[in-house]
Structures are given as C-alpha cells and as structure tokens.
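Beneath this line is the structure, given in structure tokens, with notes to follow.
The values are calculated or read from the model by the stated rules, or taken from the named source; none is laboratory data. Computed from a predicted structure; not experimentally measured. Cβ placement follows ideal geometry from the backbone for every residue including glycine, while neighbour counts extend to all protein chains displayed. Each accessible area value is taken on the protein alone, full model and side chains, heavy atoms only, with ligands, DNA and RNA left out. Shrake-Rupley method; radii C 1.70, N 1.55, O 1.52, S 1.80 Å.
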Amino acid sequence: SFAEAHSNLGSVLKRQDLLTDAEAHYRRALALKPDAAETHNNLANLLKDQRKLADAVKHYARALALKPGYADAHYNLASVLQEQGRLTDAIAHYRRAIATRPDFAEAHSNLGNALRQTNALAEAVAHYQVAIAHKPDIAEFQHNLGNALQEQGNLPEAQRAYERAVALAPANPLYYRHLFTMRRVVAGDGYLAGAEELAQHLPALPAEGQKELHFALGKAYADLARHQESFRHYVAGNSLRRRELQYDAQETLDMLQRIRAVFTADLLQAKRGGGQPSPAPIFIVGMPRSGTTLTEQILASHPDVYCAGGLHD
C-alpha cells in the first residue's frame, strides 16, 4: 500500500521499456493516492509513449488541476497538444511553463516550434535565442533557430546557426543537409569532410539518418560538379524516402483513367451555364499541399475572377 514506491517502480519499469508493468504500478499508486500530481504526470508521459494521446491529456490536466504551477506538466501537455495540432492550446501551456520557470530552455524551444507553425517567426526566433542563452550547447536549439531564420529570409544568420548545430552534433546528418542547402560547398570544405567521415559508418546510422546524409552529400557533390557521385547519393536517398510513402502508381493511373472516362466533352457541354453570378468573395479553404493553389489558378483563369493571394488564417 506504499503509493510512492509503486510510482517509483513504475518509473524504473518505464526506463526499461516494460510499459505494461509500469502502467500497472502507476495506476496502483493513483488508486492509493489519487491526488499525487507527479504520478498523474508520469502516467501521462507513459501513455504518450504508447500513443494514447487522449488519455495522456486527461492525466496531464488532472496533474495541473492538483498543482496549477507544475511547469513540467504544462510543458508535457503542450507537447501532446502540439502533436494533436491544437497549437493555440499548446502555446498557452508552453507560456504557463515558462511563466513558472523562466529558464526552462526546452519550453522556450518548443514554444518557438509552435510559433513557427503559426508563422509567428519573429517571436519564435526570440524564444529560440532565450533557449540558447540558457543552454548554448544544445544542437537542436541552434538547428531550430536556423530553420526560423531561414524562413524569415535571414540566410547568413541561418547558416551560422546551422554551422553551430553541426559543430555541437557532428554525427547528425540532418544538420549537414540543412547547412549544405544554405551554402555552396567548395573543395576542401571542412563540413564536407565531416559528412564524408560520417558516411564511412553509414550502415550504423538509422534509416532516417542515412536518408538525410545521402541528400546532404548529393547536394555537396553537385556543387563540386562530381555529378556521378551526386546522382548516386540522390538515388539512394530517394530510395529510402520511397519506403516511407504509401503510394501506388497504378492506383493513381486508374483514378486518372476514371476521370477521363467520366468527364467527357459531352458531359462538360451538358453542364454549361451552372455558374454563380454573386460578386461575393470566394474563399478556398484547405490543408497545405491539398490543391488549394491549383484551384485558385483554375478559378482565376475566368475573366471575372481575380486572385487576392493566400492567407494563413
């Protein structure tokens, strides 16, 4: 009946990846002591690892109801909300975590990530810089800053941030890829030497790392006009990328054939004259990469329609 021991045992089992046993001990601890905010937070972390995000949110919320100033719970809840696409709520909880613990570097960095997703780039940069001020040796913070600066169009500073990320974590292929995207690689480039050294141990890298390194070296060798090597790395990188995609070329071709069969010239002729004469604005709403720009271009080909551009609302 020792609640704290059950909770601590749950944490040890979680670190051993024995998640089912860990969950059982966390729940036993809560049955004995339901007002233990830390146990609710720990159980929520485990549920997050199990991809039970809705249940995780409930336990983070319970932890915060018991302990409103619990910075870790605010941060953890925000990360789940961000993963669920609930950016406004996530940003609010990151801010609560920072209000309680102003030097919470990880919260500043993740808040920057959430702000970037809402296109608030200037504020995102500011929070990345605070995170770096508190923990200057974290490569991920430098990389995040580089991403935001690049999106702002501040390319020289973005390059410097990527260079710092590579210097701090020279075994991370993603940082090389982003750095090489920002600058032209020249003969004798020290960063290229680092990437080539990493390539000597390519099989030891996870698939994601191998893919990023292939793309990084593809770009570098293209800059050096070593085209055969560049193409070989691009092919290898795209081969790894293809494994991640659920795409059936024949299925797409079949769909296009059905469109061609249904939308004949006779059908289009029969459907003429069905337009809407209203002069009210037309709003095209959709997720990125879903065809909204194409739809806008199609409508704008009509002489009575003018494109007003995109909004991030």
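Looking at residue 8, is it part of a helix (DSSP H, G or I), in contact (Cβ under 8 Å) with a residue 12 or more places away in the chain, surrounded by 15 or more Cβ atoms within 10 Å (Cβ to Cβ) and not aromatic (Phe, Trp, Tyr)? Taking the combined requirement at face value, the residue does not satisfy it. In summary, residue 145 fulfils each of the numbered conditions (1) aliphatic (A, V, I, L, M); (2) closer than 26 Å to residue 54 by Cβ; (3) buried (at least 22 other Cβ atoms within 10 Å of the Cβ) with the single exception of condition (2). Within segment 156-202, restricting attention to residues that are in contact (Cβ under 8 Å) with a residue 24 or more places away in the chain and of a type in the set (S, T, N, Q), the residue that is nearest to residue 146 (Cα to Cα) is 159. Report yes if residue 139 is free of Cβ contacts under 8 Å to residues at least 40 places away in the same chain, under 25 Å from residue 216 (Cβ atoms) and open to solvent by less than 10 Å² (accessible area, probe 1.4 Å), otherwise no. No: the conditions fail for residue 139. Here residue 196 fulfils each of the conditions (1) over 30 Å from residue 312 (Cα atoms); (2) charged (D, E, K, R); (3) not in a helix (DSSP H, G or I) apart from (3). Note on segment 101-121: residues that are more than 18 Å from residue 178 (Cβ to Cβ), open to solvent by less than 70 Å² (accessible area, probe 1.4 Å) and out of contact with any Asp or Glu (no Cβ under 6 Å at 6 or more places or on another chain) total 10. Among the residues of segment 49-69, at least one is in a loop (DSSP other than H, G, I, E, B) and polar (S, T, N, Q). Scanning segment 19-52 for residues that are β-branched (Val, Ile, Thr) and touching a helix residue (DSSP H, G or I) at 6+ places or on another chain (Cβ under 6 Å) yields a count of 1. Could you check, for segment 41-48, whether at least one of its residues is among the basic types (Lys, Arg), in a helix (DSSP H, G or I) and surrounded by fewer than 14 Cβ atoms within 10 Å (Cβ to Cβ)? The answer is no; no qualifying residue exists. Residues in segment 170-179 that are crowded, with 17+ Cβ neighbours inside 10 Å and within 13 Å of residue 142 (Cβ to Cβ): 5 in all. Taking segment 226-313 and the helices (runs of 4 or more DSSP H) fully enclosed by it, the elements with 3 or more residues that are of a type outside the set (Gly, Ala, Ser) and open to solvent by less than 100 Å² (accessible area, probe 1.4 Å) are at 227-244, 249-262, 292-300.
Residue-wise test of (1) of a type in the set (D, E, K, R); (2) more than 11 Å from residue 220 (Cα to Cα); (3) open to solvent by less than 20 Å² (accessible area, probe 1.4 Å); (4) more than 26 Å from the chain's Cα centre (by Cα).
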| residue | (1), (2), (3), (4) |
| --- | --- |
| 161 | no, yes, yes, no |
| 181 | no, no, no, no |
| 190 | no, yes, no, yes |
| 195 | no, no, yes, no |
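In a helix (DSSP H, G or I) and free of Cβ contacts under 8 Å to residues at least 24 places away in the same chain: does that describe residue 77? Against the criterion (in a helix (DSSP H, G or I) and free of Cβ contacts under 8 Å to residues at least 24 places away in the same chain), residue 77 does not qualify. When 299, 294, 245, 267 are checked against the criterion of being without any contact (Cβ under 8 Å) to a residue 60 or more places away in the chain and closer than 30 Å to residue 210 by Cβ, a single residue qualifies: 245.
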